[in-house]
Amino acid sequence: MAEKLALVGIGKIARDQHIPAIGANPDWSLEAAVSRHATVEGIDHFETLDALLETRPDITTVSLAIPPQPRFAYAAAALRAGRNVMLEKPPGQSLAECYALEALAKENGVTIFATWHSRHADCVPDLKAWLAERTLKKLTITWKEDVRLWHPGQEWIWEPGGMGVFDPGINALSILTEILPHPVHLSGATLEFPENRDTPIAARLEFADPSGAPMTADFDWRQEGPQTWNIEIDTDRGSARLSLGGERLEIDGALVKQGANHEYANLYARMAALVKAGESDMDLSPMIHVCDAFSLGKRVVTAPFHY
Ligand code: NAP
């Protein structure tokens, strides 16, 4: 029988991805939306999470598609009420919040899933398998997009806890931490903050790879024209280029796979499997790199940003 689910926060990603992905998966039944402003046709509407938790004890799972700043309070309330929780990325605005949520899920005997949608892009498993049989020589991430196009009018990304350019950049880091056969750590960073904003508009990261292979990431939100979400890898036996955020893979210059967008379908399939098995998945490794970038990063003040 399908698990009953409520979706919290009916914004851009809820409408673009969550609602269609839930609707297409017979393991889930979308029963209710929690939203301060919006309704979703054909399902119950609650203005607050507390009202949902009190009124619908039959809803076993709550999926949070809200920005990171309010997420902890919502997730903690749902976990304390004995509901499984699915978290949009990033799973919180600080690591300590995420550890606390993980502990709360355990205490209450429910599932928590820190989702990383880019990890579920079609070509990520192929690249991981290819890399597992080779020795890494160099890895370059270039994640450059136009913030005005992808985050029109969103103020939360510029507020403390919103992470700025790391909001998309963490997607690249979620792929990096998935495909590498060994962990790496950040060794240096430069962050560019618009003079009127609290979060960075661009970041340049350097990682220390145990083998000494150069590894960098370049995130920029000022990219106009073609948008770039690429990871390029050189190895002892050939090179690979993952592009379109993980949907396209070229090896030695030749296209080997052109996928489509199945990221949220894969996320809801994974959540269903976790709930069924009574397990959780709270991998925080992408978030650790972001927190280290804020800790290690040299700060540069740049031109003010206005929409
Ligand atoms: P959004 O449209 O700006 O906000 C989503 C919804 O969250 C809002 O419509 C609002 O819903 C609710 N919300 C906003 N501020 C809130 C607050 N202070 N307290 C409680 N609820 C609040 O954002 P989004 O682009 O969908 O992003 C949401 C999350 O998904 C972020 O963590 C983002 O990183 C992630 N994500 C976004 C994208 C994308 O392409 N946009 C892609 C992948 C992941 P109600 O009005 O219904 O209450």
By residue number, the members of region 105-138 that are basic (K, R) and over 14 Å from the mean Cα position of the chain (by Cα) are K106, K128, R134, K137, K138
Here the residues within region 52-67 that are touching a Leu at 6+ places or on another chain (Cβ under 9 Å), without any contact (Cβ under 8 Å) to a residue 60 or more places away in the chain and more than 16 Å from the ligand (Cβ to nearest atom) are I59
Over region 19-48, the set of residues near the ligand (Cβ under 9 Å from one of its atoms) and buried (at least 21 other Cβ atoms within 10 Å of the Cβ) is A33, V34
Going through region 11-36 in order, the residues found to be modelled with pLDDT under 95 and of a type in the set (A, V, I, L, M) are none
Those residues of region 274-299 which are farther than 19 Å from P90 by Cα and open to solvent by 50 Å² or more (accessible area, probe 1.4 Å) amount to K276, A277, G278, E279, L296, K298, R299
Restricting attention to region 234-265, the residues that are loosely packed, with under 14 Cβ neighbours inside 10 Å and closer than 30 Å to S63 by Cβ number exactly 2
Please verify whether R134 is more than 16 Å from M282 (Cβ to Cβ), away from the ligand (no atom under 16 Å from the Cβ) and not acidic (D, E), treating the condition exactly as stated.
yes
Can you find a residue in region 140-153 that is touching a Gly at 6+ places or on another chain (Cβ under 9 Å), open to solvent by 30 Å² or more (accessible area, probe 1.4 Å) and assigned to a loop (DSSP other than H, G, I, E, B)?
no
Within region 78-93, identify whether any single residue is open to solvent by 10 Å² or more (accessible area, probe 1.4 Å), assigned by TED's automatic domain parsing to the domain that holds T190 and within 12 Å of the ligand (Cβ to nearest atom), and answer yes or no.
no
Output for Cβ contacts, cut-off 8 Å, separation at least six or different chains, first residue in contact (Cβ under 8 Å) with a residue 12 or more places away in the chain and part of a helix (DSSP H, G or I) in region 76-95, second open to solvent by 10 Å² or more (accessible area, probe 1.4 Å) and β-branched (V, I, T), reads L79/V110; L95/I288
- Message: free of Cβ contacts under 8 Å to residues at least 24 places away in the same chain and among the charged types (D, E, K, R): is that true of E206 in this structure?
- Response: yes
Yes/no for I13 being part of a helix (DSSP H, G or I), open to solvent by less than 10 Å² (accessible area, probe 1.4 Å) and under 28 Å from H151 (Cα atoms) = no
The residue from I179, I170, I231 that alone is open to solvent by less than 30 Å² (accessible area, probe 1.4 Å) and within 13 Å of the ligand (Cβ to nearest atom) is I170
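The values are calculated or read from the model by the stated rules, or taken from the named source; none is laboratory data. Since this is a predicted model, take the numbers as computed values, not measurements. Here Cβ is always computed from backbone atoms with ideal geometry, including for glycine, and neighbour counts include all displayed protein chains. Surface accessibility is based on the protein's heavy atoms, side chains included, excluding ligands, DNA and RNA. Shrake-Rupley method; radii C 1.70, N 1.55, O 1.52, S 1.80 Å.
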